[in-house]
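Please treat every number below as a calculation from the coordinates, not as lab data. All of these numbers come straight from a predicted model, not from anything done at the bench. Ideal geometry is used to build each Cβ from the backbone, glycine not excepted, and the neighbour counts take in all protein chains shown.
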Amino acid sequence: MSERQKTKNAADVPYQAMMSALPHPIILVDREGFVAAANDMAQIFFQSSASVLSRQSLSDLLPFGSPVLALVDQARVRLAPVNEYRIDISNPRIGADKVVDVYAAPVPDRTGSVSVMLQERSIADKMDRQLTHRDSARSVTGLAAMLGHEVKNPLSGIRGAAQLLESSVSDEDRALTQLITQETDRIVRLIDRMEIFSDQRPVEREGVNIHVVLDRVKQLAKAEFGDRVRIVEQYDPSLPSVFANQDQLVQVFLNLVKNASEAIIDVPDPEIVLTTAFRPGIRIQVPGSTEKTSLPLEICVKDNGAGIPKELEDCLFDPFVTSKTNGSGLGLALVAKLIGDHGGVIEFDGSGRQTIFRVMLPTSSSEQL
């Protein structure tokens, strides 16, 4: 029996089970450079079954001369873990835009074998952007509080004075006083929207059925734009409850559905797809806590519109950023704040044929993973 076969046999059931429980692609490379084992995520990533992968070397799976090969050799020689960030391993087999962080470590009791974990940068970058979104939403908090105290009071005086003048001026000047009143009202409405950001009270949460929330959103959306837009539901009925404030979730998903409906106003067959799924393995550290929270509940709002302009993608959730002519740029910033207050994550994906807003949330505390 060859050394490679011995190493392959050594990849016993407990080791395989442990690898399959992890959320990133992991392969075990033997001393000859062949794949001895692969977890479920690796099979998905390389689009091959474990039996197919086991007949190939690591070099067969990667571009010619990939830095990953040198990294594996380095871990094998040093007998110590090594890692490298942002390695492009794109090839026809696994597709384009495959940029990963690579973690390679020698495996005890398996001489010459190295465990290789790949973390797709797209996921890591989205998590980084999510934390930036939270910071951006919080950055407007102080401004909102200041505007509420320092601007609304003078505006009330200006509006009152304009109303008094309206009764004693000519018809021509009366139009100007009415303009002052209308514009002060518009500014107050904008400040009222911003004041939501300054609300730092803890969110009152309980177990909520996400499908009840989405049904309510669908009813409200239908009342607004009728049958002009088709709403498709693709739900997992077995989902546990989400740990959330129901009213705030209605506000979040109603904002996302309204945005989607506006994005497909000129599309021949406008369609919004609402999906729910259970995705174990997503964990994130919530600000103010040292523990990581599991976010297995995934809710997506998809539309078949033209998409978001590329130049706005990286700052889409920042306050005052909008592609709408008359938009305030606070809608998605508010969505990011509310999802962040729930300890969740919101992502934007415009790489395919659909525009997708993906929200990941924790389960109810009684069912927390």
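Worth pointing out:
- For the pair Glu271 and Asp171, a Förster radius of 45 Å applied to the C-beta separation gives a FRET efficiency near 0.35, rounded to the nearest 0.05.
- Neighbour-count order for Lys222, Lys98, Lys302, fewest beta carbons within 10 angstrom listed first: Lys222, Lys98, Lys302
- When Thr276, Thr111 are sorted by how many other C-beta atoms sit within 10 angstrom of their C-beta, beginning with the fewest, the order is Thr111, Thr276.
- Modelled FRET efficiency - R0 56 Å, Arg216 with Arg55, Cβ distances, 0.05 increments: 0.60
- Ordering Cys300, Cys315 from the fewest to the most neighbouring beta carbons within 10 Å gives Cys315, Cys300.
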